[in-house]
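Just below is one structure, and these are the notes that go with it.
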Amino acid sequence: MFEIEYEFREEDLIHFNEVQFTRNEEIQANIRKNRWLVPAVMGLIGGFYYFYYGDKNSAAYIVVIAALWGWLSPKIMMLDLRRQILNNYTAKEKNAMFGVYTLTIDPTQANYLIEKSPSGKHKMLWEDLVRVEYSKHYVYIYITLSTALVIPLETIKNGDVLAFATQAEKMIERAS
C-alpha cells in the first residue's frame, strides 16, 4: 500500500493557477501584445512630441512611462491574477480545500485513488485520471486537463512522494 500525507495551502493553489496561466498560449499572446503594442504606440506619440513640437521633456516622460508599462504590466497582471484566484472561492470552499490531505493507493481497491481531504473522503477511478507531472517543488496528479491534485514536496508529512507518484503513473497507464 502506498500512502502520502501532505498539507495543501493557499500559495500552492496560487502556484498551480499561475503555471496554468503561463502555459496558456492565448493568454500569453495577449500579454505580449499588451507589453509591446502599448509602449510602441506611446513611443510614437513621444516621437511626435519630440519631432513636431520639439518638446524634449514631454517626449522623455512618455517614453519613460512606455518603458515602465512594458516592464511592469506583466508583473501587475500576475498580482491581479493572484487576487482573482483567491476571490473566486468563498471562505467555506477555502476551508474545505486547504489543509491536510492523505492519498492512498490500496491494492484491495485497485480501481481507485483514495483521497482523504478536509472536504471528506473521495474515490477517483484511475481511468478518470489524466497524468502525473513533476516539477521542482510539486507533483501534480491531473484529474482533468486543467485540474490537478497539487502535492507540494515541502509539506509532505508521511510517505515517499516519488514512489507514490511513480506508482500512480503506472496505475493511470494500466487503466487507460
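The values are calculated or read from the model by the stated rules, or taken from the named source; none is laboratory data. Quick caveat, the model's predicted, so the values are computed rather than measured. All Cβ positions, even for glycine, are placed from backbone atoms using ideal geometry, and neighbour counts span all protein chains on display.
Observations on the model:
- Scanning segment 123-138 for residues that are part of a strand (DSSP E or B) and farther than 23 Å from ILE14 by Cβ returns LYS123, MET124, LEU125.
- When the criteria are applied in full, GLU133 meets the requirement of being of a type in the set (D, E, K, R), within 23 Å of the chain's Cα centre (by Cα) and not assigned by TED's automatic domain parsing to the domain that holds ASN24.
- Put simply, of LEU162, LEU149, LEU79 the only residue that is hydrophobic (A, V, I, L, M, F, W, C) and part of a strand (DSSP E or B) is LEU149.
- Scanning segment 60-67 turns up no residue that is within 25 Å of PHE16 (Cα to Cα) and assigned to a helix (DSSP H, G or I).
- Cβ-Cβ distances below 8 Å connect the following pairs, each with a first residue in segment 21-33 that is touching a residue at least 12 places away in the same chain (Cβ under 8 Å), a second residue that is in a helix (DSSP H, G or I), and a separation of six or more residues or different chains: PHE21/ILE27; PHE21/MET78; PHE21/LEU81; ILE31/SER73; ILE31/PRO74; ILE31/MET77.
- Residues located in segment 121-146, provided they are over 18 Å from MET171 (Cβ atoms) and either at pLDDT below 90 or of a type in the set (A, V, I, L, M) (or both): LEU145, SER146
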